């Protein structure tokens, strides 16, 4: 089973930050307080949607066919995702 990177605190639902990174190849450790990149702040389904969208060359028609949904439904999903990304970007400022 693949472990998933948590993005929210399990106790209070606040955003988590990265404090440490480690290189297995050379043993280098990096410590500090870093924010997660924007795309990692999205949930797994939203990330999967973005990957599928890119793999579909940005075609909502192809996405609708792949997801077996109507074009307007997929358009609404994309609009919701755009809204969430804009909200996250405002919070990052």
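If the condition is being out of contact with any helix residue (DSSP H, G or I) (no Cβ under 8 Å at 6 or more places or on another chain) and modelled with pLDDT under 90, then region 1-15 contributes 1, 2, 3, 6, 8. The residues on offer are 69, 36, 81, and the sole one that is closer than 30 Å to residue 20 by Cα and either touching a residue at least 40 places away in the same chain (Cβ under 8 Å) or in a loop (DSSP other than H, G, I, E, B) (or both) is 36. Counting only residues that are assigned to a loop (DSSP other than H, G, I, E, B) and within 20 Å of the chain's Cα centre (by Cα), region 13-33 holds 4 of them.
Among the residues of region 39-57, those identified as outside any loop (DSSP other than H, G, I, E, B), farther than 21 Å from residue 92 by Cβ and without any contact (Cβ under 8 Å) to a residue 12 or more places away in the chain are 45, 48, 51, 54, 55. In region 56-80, the residue that is modelled with the lowest pLDDT out of those that are under 18 Å from the mean Cα position of the chain (by Cα) and loosely packed, with under 12 Cβ neighbours inside 10 Å is 58.
The values are calculated or read from the model by the stated rules, or taken from the named source; none is laboratory data. None of the values given here were measured: they were computed from a predicted structure. Positions of Cβ are backbone-derived with ideal geometry, glycine not excepted, and every protein chain shown enters the neighbour counts.
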